[in-house]
Amino acid sequence: ASNYAPWQRINKIPGMDFICYKSTLFVELNKMKKLFPDIYSKAYPTAFNLPNDFSEFQCEHKRLVGLVTNVSSDSSNSSTPTWVVKPRNGCCGHGISLIQSTYEASDIMEQSVCQLYISPYLINQRKFDFRLYILVASLDPLTFFIYNEGIARFCTDPYEPPSRSNRDKKFCHLTNTAINKENGSINPVDFTKKFTEIMTTILQRSPQKGKMLYAKICDVSRAAILGVLPMMLG
């Protein structure tokens with residue numbers, strides 16, 4: 001910043017790559033999770049960077065398997081812990097896969113993020129996610145804003161708990177618009193909705209859950225920004 005005159009402005013926050021690349025993002029968030037476990041354990045599902053964190057992933061997977069009761073030896077059982085593997089710099093859903101064993105993870109050589117697949121909240125039997133945008137206006141003082149409107153991205157096939165037999169059914173597991181637009185002749189307006197529209201639906205169906213949801217989204221956004229801030233400033 002010392003190379004710029006006081007009146008000059010730049011249109012990109014330095015160090016944003018730590019957010020844009022999944023691997024560097026979760027390296028920094030995992031550091032914060034060790035320092036503030038009560039906050040960051042709730043901010044995002046358990047995540048590992050493969051192949052670097054394979055040993056840690058292996059231990060966690062075995063621990064989760066041990067917590068599952070009455071699991072048969074059939075690895076296709078839907079109770080088996082499932083992990084979503086994403087390339088470090090992937091986009092539009094390219095290269096995403098679901099795995100359910102440490103053996104599958106041992107074959108991953110490309111830098112990837114491996115994140116626990118959590119049971120989703122469904123609307124009309126379909127999985128969805130929210131995409132909201134944040135404006136980082138200043139690093140000193142740290143100032144950022146979250147937009148009130150965003151996008152809800154839906155899967156185009158009904159959700160099925162992940163198992164060996166359905167892990168490749170991308171239209172029921174992956175919410176990426178670039179993927180779901182390939183599902184036949186489905187109109188994009190059927191699987192891309194306004195954030196506020198879906199928030200209203202959640203509030204109507206689950207008042208207690210919906211009441212606190214936006215505040216929790218803001219908390220997660222704040223944790224993500226603060227989590228990468230030290231590296232961005234560095």
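The values are calculated or read from the model by the stated rules, or taken from the named source; none is laboratory data. These numbers come from a predicted model, not from an experiment. Positions of Cβ are backbone-derived with ideal geometry, glycine not excepted, and every protein chain shown enters the neighbour counts. The area values use the complete protein model at the heavy-atom level, side chains included, leaving out ligands, DNA and RNA. Shrake-Rupley method; radii C 1.70, N 1.55, O 1.52, S 1.80 Å.
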Sorted on mean Cβ neighbours within 10 Å (highest first), peptides 133-140, 48-55, 177-184 come out as 48-55, 177-184, 133-140
Selection from V220, I19, L29, by position along the positive dipole direction of the chain (Cβ) | V220
Among S97, S55, P188, whose Cα lies farthest out toward the positive end of the dipole of the chain, if unit charges sit on the beta carbon of Lys, Arg (+1) and Asp, Glu (-1)?
-> P188
Ignoring any ligand, DNA or RNA, what whole percent of the accessible area of the chain comes from carbon and sulfur when the probe is 1.4 angstrom?
-> 55
Alpha carbon centre of the stretch 145-176 versus the stretch 23-45: separation in Å?
-> 23
Hey, what do the phi angles of the stretch 206-219 turn into as Karplus ³J(HN,Hα) couplings, whole Hz, using 6.51/-1.76/1.60 and θ = phi - 60°, x for Gly and Pro?
-> 9, x, 5, 5, x, 4, 9, 4, 5, 5, 5, 4, 5, 4
Which angle from 0 to 90°, rounded to the nearest 10, does the C-alpha axis of helix 54-67 make with the longest principal axis of the chain?
-> 50
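Counting Lys and Arg as +1 and Asp and Glu as -1, each charge on the Cβ, what is the dipole of the stretch 6-64 about the Cα centre in debye, to the nearest 20? Spell out each step's value before the answer.
Values: 9 positive and 6 negative charges, 30 e Å.
Dipole of the stretch 6-64, to the nearest 20 debye: 140 debye.
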Can you spot the lysines whose alpha carbon is less than 21 Å from K169's alpha carbon? Ignore those fewer than 8 places along the same chain.
-> K86, K127, K181
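Using the Cα centre as the reference, give the magnitude of the dipole from point charges on the C-beta atoms of the chain (Lys, Arg: +1; Asp, Glu: -1; all else neutral), rounded to the nearest 20 debye.
Using only the charged Cβ atoms, the result is roughly 540 debye.
Quick one: accessible area per residue over the chain, 1.4 Å probe, rounded to a whole number of Å²? All intermediate terms of the calculation are to be shown ahead of the outcome.
Working: 14160 Å² over 234 residues.
Here the per-residue accessible area is 60 Å².
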